[in-house]
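Read the figures in this text as sums done on the coordinates, not as results from a lab. The model shown is predicted, which means the values in this text are computed figures rather than measured ones. Because the Cβ atoms are built from the backbone with ideal geometry, glycine has one as well, and the counts that use them run over all protein chains shown.
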Amino acid sequence: MQRIDTTLPDVFLIEPKVISDQRGFFLESYHREKYAALGIDDEFVQDNHSQSVRGTLRGLHYQLQHAQTKLCRVVRGEVLDVAVDIRQGSPNFGRWVSAVLSAENKRQIYVPKGFAHGFLVLSETAEFLYKCSDFYHAEHEYGVLWNDPQLKINWDVANPILSAKDQKFVPLAQIPQELLPKYGK
């Protein structure tokens, strides 16, 4: 298993060791001690699984109270996964990183607390799995507008399929400071 750093110091990819033969393949999708050695020492308390069709964009989500670290992967199809640093005071505030996660490349992305997270489905359908370090609390969920003109995220899609909730998010600059996480907390 290998850690691949991204342009954001706190966000990285995991490339698992895959054992393949004529029967198929085997990989460890999570092993507490091996992941701790790569810098992931979070206690994950909830696993989520979503299925979406091509052009669906989910995000950019975050929880302020009950902030969640996420460990994400795709088991069917392909997505463009995006993490945005929204921590007030961070030297990387407003910077984002993206990576293609797919059933084929079997990569995972580690998205720590304090980042907004979202993904766009690139294949006909995709099944997206992610571990969370805290439970989901709808009343504490917030979001950043997917096409925030200041962030300039290159989604390469004009009209994604969005939930009603995601359509109502505002640009990062319009989010009150008390509704953003703090760097170093």
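Tally Lys/Arg at +1 and Asp/Glu at -1 over every other residue whose Cβ is under 15 Å from the Cβ of HIS117; what's the total?
Numbers: positive: ARG58, LYS70, ARG73, ARG87, ARG95, LYS113, LYS131, LYS165; negative: ASP10, ASP42, ASP81, ASP85, ASP134, GLU141, ASP148, ASP166.
Charge balance near HIS117 sits at 0.
Consider a paramagnetic label point 7 Å from the Cα of GLU28 along Cα→Cβ; state which residues of region 82-112 have an amide N under 18 Å from it.
Output list for this probe position: 106-110.
Quick one: which of 159-168, 81-90, 34-43 comes out on top by average Cβ neighbours within 10 Å, and what's the full order, highest first?
81-90, 34-43, 159-168
Given C-alpha coordinates of region 1-79, what is the ratio Rg to Rh with the Kirkwood estimate of Rh?
0.97
When every alpha-carbon pair in region 87-185 is counted, what percent end up more than 16 Å apart?
On the way: 3140 of 4851 pairs.
Percent of Cα pairs beyond 16 Å in region 87-185: 65.
Set the Förster distance to 22 Å, then compute FRET efficiency between GLN174 and TYR136 from the Cβ-Cβ distance, nearest 0.05.
0.35
With only Lys, Arg, Asp and Glu charged, each at its Cβ (+1 for the first two, -1 for the last two), find how big the charge dipole of region 74-185 is about the Cα centre; round to the nearest 20 debye.
On the way: 12 positive and 13 negative charges, 79 e Å.
Using only the charged Cβ atoms, the result is roughly 380 debye.
Rounded to whole Å and sorted largest first, what semi-axes of the equivalent ellipsoid does the C-alpha gyration tensor of the chain yield via the square root of 5 times each eigenvalue?
Values for the chain, descending: 26, 20, 14 Å.
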